[in-house]
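The values are calculated or read from the model by the stated rules, or taken from the named source; none is laboratory data. Please read all numbers here as calculations on a predicted model, not as lab measurements. Glycine also receives a Cβ, built like all others from the backbone with ideal geometry; neighbour counts cover every protein chain displayed.
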Amino acid sequence: MGKPKVDYSLYLVTDSTPAILGDRRLIDVVKEALGGGVTVVQLREKTGDTAELISKARELHALTQSYGVPLLINDRVDVALAVGCEGIHIGQDDMELSTARKLLGPDAIIGVTVSTVDEALKACEGGADYLGIGTVYATPTKTNTKEVIGAAGVREILARIDDAGHKTQTVCIGGINESNLQRIVFQCGTAKKKLDGVAIVSAIMAAEDPDAAATRLGRLLRNPPAFQVDTRGAGSDITDAQSMVALAPSVVQRVHETTPLSHNMTNIVVQNIAANVALAVGASPIMAGYGEEAPDLCKLGGALVINMGSVDPAGLANYLKALRAYNLAGRPVVFDPVGAGATSLRREAVKTIMANGYLDVIKGNEGEIKTVFGNSQEQQRGVDSSSTLDASQKAKLVRELAAREKNVVVMTGKTDFVSDGVRTFAIDNGHEYLGLVTGTGCTLGTVISAAIAPRKTDRLGAVVAAILHFEIAAELAASQPEIRGPGTFVPAFLDELYRIRLATAGGDLVCDIQEKFRTAIFEFDKVVFTTNKLLQAANALQIPIFVTTQNRARLGDTVQELQPLLKAAGPLLQANLDKTRFSMWLPPLTTSSHFSSSTKPRPSEVAIVGIESHICVTQTALDLLAAGHSVYVLADGVSSANREEVGVALARLRQAGAVVTTSESWIYECMGDAAIPEFKGMVGVMKEAMAGTREALQGLVGSKI
C-alpha cells in the first residue's frame, strides 16, 4: 500500500485527564476537532489497561479514517499493531526507533520527540518520518519535560538538520495556543527550513468548542502574522547609513499625520515625561497599566510599550494580558527590560514576558540586553549599566539577539547599536543630559512605539528614525546658551522634539526661477533675493525644500545665485524636478510622505515662491489647497511678466483659501519663539537683508496685499 503522505500542519495530541476533558467523551471532542480541520491525531494515554486502550484506539481510528486523517498512538507499538492504525509516536525514554521500525514495517509513520540537536540528528539518521520538537514552553500536560528549549532551541534544531541534508518533516509542541501560534511558527523557522506543523493539546482538547478552536488555529497557520509585515518591508534593501538616515523625515512626518496611540505600561515616575514626549513627537499617549483595558486599546491602531519598571506579580500579570491582546490584534510591542539584571526576580520576569508574546522591538542598555540574550552573570546596579563590551562585541550581540528573536534590538549607550539581525547600525547622536534625568531613557521607547505603530515601512528604518528624532532633539536642546543643566534641559528637549516634527510637516516650494526668465519677469531679481532669504531660513530651521524648473533643457536650470544654498541643503532638498505641466503638484511631490498618507492627512504647511504668479504659482497653490494642505504665498517672492497679473493672482488665491503674506512674516511664524537656538542666527540674516527686503516689498508688493 505504501506510506501515506501526511499533512502535519494541525496536529492534535489527545488528553483524557479530567482537568482537560471534563465530563465529555474523548471521541466527541476529537470528532469536533476533525470537523475544524485537524490533520493528524495522536492518541496519548498514560494510564489504563491495554484492552481499554485498544478499544478506545479502534473507535478513534474508525473516526479518523472517515476524515482521511492518520491516527498515531503514543509509545504503544502493541496497541498500534492491534488496531492497524497508521503509526506511532515515541519519546526518548520509549522504545528504540529501529526496534519500532522492525515491528511496524516500512510503511508505518513513526515520529520521535527530540529536544536537542543530537537527538534530532540521530532520529533523522534512523529514519524517523517526522520530529516532534520541544518542549517549546512548559505546560501542565507535559510534566516529565527534560528541557524547555523555546523558539531559539527549535530554530537551532531546524537549522542543523537542514545543514545535515535531512528532509525529515517537523512539528513543535508545548504551550502552543491561539495567542502564540503565529509567533512561534514565525520565530522558529530558519531561512531554509520552516516547521511543517504545530502539535496542539489543551488549546483544542480543553476548548468549549473544539471545532471552532481548530478552525481558528488553522486560519492562524494559513495567514502570515501582522508583525511579519514590517520586518522586511519597503526600504529593507537599504544597507548604507546615508540612505537609512534619508528615510527618517518620512517616518517623523507619518507620525505627525497619523497621531498613533502610544499605550505605555510604565511606573509612575516615568508617566508624566513619557506622555509629554509622546505629544511632542505627534503621538497620542495613554498611561494605562491595567491589562484588562488592553483588548479595547489595541483596537485603536497604536503600539504598546512595556517598560518593566514594576515586576510585582500583579504588574507582571498585567503586562502579559496586554502583550497577548496586542499580539492577537497584530499591533506592535516595544519591550524595555528596565534593570533586567538587577535581581533574580527581574531576570525571571524577562523570561516570562519573552515566553508569552512577540516583541517587535527590545530596547535596553548593555546590561539589560545581555540579560535578555541570556549570557550575563553580572548583577546590574538598578537601571545603570557598566560597559564591558567593545563596539564590535556590542554590534554582534544586538545582531545575534535580533536574529534569534526575529525583531529589532536597540542597545543604548554613548553609541547606540540597532539591528534587525541582518543590518546593524551605530548611532552617535544624543547628549549626556539624557542620562541625568529620570525617565528620559524610558521615553525613547515611547518615541519608537509611535514610529513603528503604522507598520507602513521597514521596521528597522522606523526605529532608526525614532532614535535620530529623539537624540538630535537632545543635542539641539543642550546646545542652547540658557541651558545650565538637566533641570533646564527637559523643557528645551520637549520643544526640540516638537520643532523637528513640525519642520518635517511642511516645506518650501521654489517654482521655476530659471535664467531665461531673468529679463522677462517683472522684478525678477527681487524674487531671487526673497528666495535666497527663504532658503537660508529653510536650511537653518530644517524645512524641506522642493524645486522645479519648466523645460530645463530650453529655459535653463535654477539661477546660479540659488545653487549654493540648494547644494548646502543636502537631504533637505527633497526634489529638484523638471516639468512641462504648469503646476508643481506632480509626482514625486504628490506621493512624498510630506504631502500624502494612507490615512486622512493633516495639512502640511507650504510656502511658495517663484514665477509666474498667475500661472504656475496659482495652479500649484490651488492643487495643494484641493489636496487639503495649508498654503502660504509669499507676496515678496512671486511675480509675472506683466506686473498687473500679480495682484489679480494673489486676490484669487486669497479667496481660494491661501494665506498671502510676506517672507519675513512667514519665517518668524516658523520660528515661533525667540528662545530657540536658531533665532539669533536668523535675526542676523534678517538684519543683513533689511534693505533688500524693503526693496522687494516696495517693488513686488506695493498695495497688492
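Here are some notes:
- Just one of the listed residues (Ala342, Ala329) is surrounded by fewer than 19 Cβ atoms within 10 Å (Cβ to Cβ) and outside the structural domain of Ser179 (by TED's automatic domain parsing), namely Ala329.
- Matching residues, segment 408-437, being in a strand (DSSP E or B) and surrounded by 17 or more Cβ atoms within 10 Å (Cβ to Cβ): Val408, Val409, Val410, Met411, Thr412, Asp416, Phe417, Val418, Ser419, Thr424, Phe425, Ile427
- Checking each residue in segment 612-649 for being hydroxyl-bearing (Ser, Thr, Tyr) and surrounded by fewer than 19 Cβ atoms within 10 Å (Cβ to Cβ) picks out only Ser630.
- Segment 324-359, residues that are in contact with a strand residue (DSSP E or B) (Cβ under 6 Å, 6 or more places away or on another chain) and assigned to a helix (DSSP H, G or I): Tyr326
- Residue list for segment 403-421, filter: of a type in the set (A, V, I, L, M, F, W, C) and free of Cβ contacts under 8 Å to residues at least 40 places away in the same chain: Ala403, Phe417
- Test result for Ala322, buried (at least 24 other Cβ atoms within 10 Å of the Cβ), within 16 Å of Leu444 (Cα to Cα) and either more than 17 Å from the chain's Cα centre (by Cα) or modelled with pLDDT of 95 or more (or both): no
- Unmet requirement for Val40, which otherwise passes all of (1) without any contact (Cβ under 8 Å) to a residue 12 or more places away in the chain; (2) within 23 Å of Arg219 (Cβ to Cβ): (1)
- Unique residue being in contact with a Lys or Arg (Cβ under 9 Å, 6 or more places away or on another chain), modelled with pLDDT of 90 or more and aliphatic (A, V, I, L, M) when the list is Val646, Val638, Val606: Val646
- Segment 345-361, residues that are surrounded by fewer than 24 Cβ atoms within 10 Å (Cβ to Cβ), modelled with pLDDT of 90 or more and either more than 25 Å from Gly134 (Cα to Cα) or charged (D, E, K, R) (or both): Leu345, Arg346, Arg347, Glu348
- For Thr446, the conditions (1) assigned to a helix (DSSP H, G or I); (2) among the β-branched types (Val, Ile, Thr); (3) over 19 Å from the mean Cα position of the chain (by Cα) are fulfilled apart from (3).
- Segments classed as helices (runs of 4 or more DSSP H), wholly inside segment 594-689, with at least 3 members that are among the small types (Gly, Ala, Ser): 643-656
- Taken over segment 2-52, the criterion of being more than 17 Å from Met205 (Cα to Cα), surrounded by fewer than 20 Cβ atoms within 10 Å (Cβ to Cβ) and not hydroxyl-bearing (Ser, Thr, Tyr) is satisfied by Gly2, Lys3, Pro4, Lys5, Asp7, Gly48, Asp49, Ala51, Glu52.
- Highlighted here are the strands (runs of 3 or more DSSP E) found entirely within segment 494-579 that include at least 3 residues which are at pLDDT 90 or above: 545-550, 573-579.
- All positions within segment 467-524 that are more than 20 Å from Thr412 (Cα to Cα) and in contact with a Gly (Cβ under 6 Å, 6 or more places away or on another chain): Arg501, Val510, Cys511, Asp512, Ile513, Gln514, Glu515, Lys516, Glu523
- Every residue from segment 449-465 that is in contact with a helix residue (DSSP H, G or I) (Cβ under 8 Å, 6 or more places away or on another chain) and either surrounded by fewer than 23 Cβ atoms within 10 Å (Cβ to Cβ) or in a loop (DSSP other than H, G, I, E, B) (or both): Ala453, Pro454, Arg455, Lys456, Thr457
- Residues located in segment 190-203, provided they are closer than 20 Å to Val6 by Cα and surrounded by 17 or more Cβ atoms within 10 Å (Cβ to Cβ): Lys193, Leu195, Asp196, Gly197, Val198, Ala199, Ile200, Val201
- Residue tally, condition more than 22 Å from Gly127 (Cβ to Cβ), surrounded by fewer than 19 Cβ atoms within 10 Å (Cβ to Cβ) and not basic (Lys, Arg), over segment 55-91: 9
- Residue that is surrounded by the fewest Cβ atoms within 10 Å (Cβ to Cβ) [pool: residues in segment 132-160 that are more than 23 Å from Ser16 (Cα to Cα), out of contact with any helix residue (DSSP H, G or I) (no Cβ under 6 Å at 6 or more places or on another chain) and at pLDDT 85 or above]: Ala159
- Output for segment 383-428, where each listed residue is farther than 22 Å from Arg331 by Cβ and among the polar types (S, T, N, Q): Ser385, Ser386, Ser387, Thr388, Ser392, Gln393, Thr412, Thr415, Ser419, Thr424
- Counted residues, segment 277-298 - those being surrounded by 20 or more Cβ atoms within 10 Å (Cβ to Cβ) and more than 23 Å from Pro337 (Cβ to Cβ): 2
- On inspection, Leu468 fails the criterion of being under 19 Å from Tyr668 (Cα atoms), in contact (Cβ under 8 Å) with a residue 60 or more places away in the chain and outside any strand (DSSP E or B).
- The helices (runs of 4 or more DSSP H) found wholly in segment 12-91 and carrying at least 2 residues that are assigned by TED's automatic domain parsing to the domain that holds Leu131 and either among the aromatic types (Phe, Trp, Tyr) or closer than 17 Å to Leu104 by Cα (or both) occupy 50-67, 77-83.
- Once segment 299-319 is narrowed to residues that are among the hydrophobic types (A, V, I, L, M, F, W, C) and surrounded by fewer than 24 Cβ atoms within 10 Å (Cβ to Cβ), the residue that is nearest to the chain's Cα centre (by Cα) is Leu300.
- When residues of segment 518-527 are limited to those that are surrounded by fewer than 22 Cβ atoms within 10 Å (Cβ to Cβ) and in contact (Cβ under 8 Å) with a residue 12 or more places away in the chain, the one nearest to Leu434 (Cα to Cα): Phe524
- Test: residue in segment 370-386 that is aromatic (Phe, Trp, Tyr), modelled with pLDDT of 90 or more, in contact with a Ser or Thr (Cβ under 9 Å, 6 or more places away or on another chain) and in a helix (DSSP H, G or I): no
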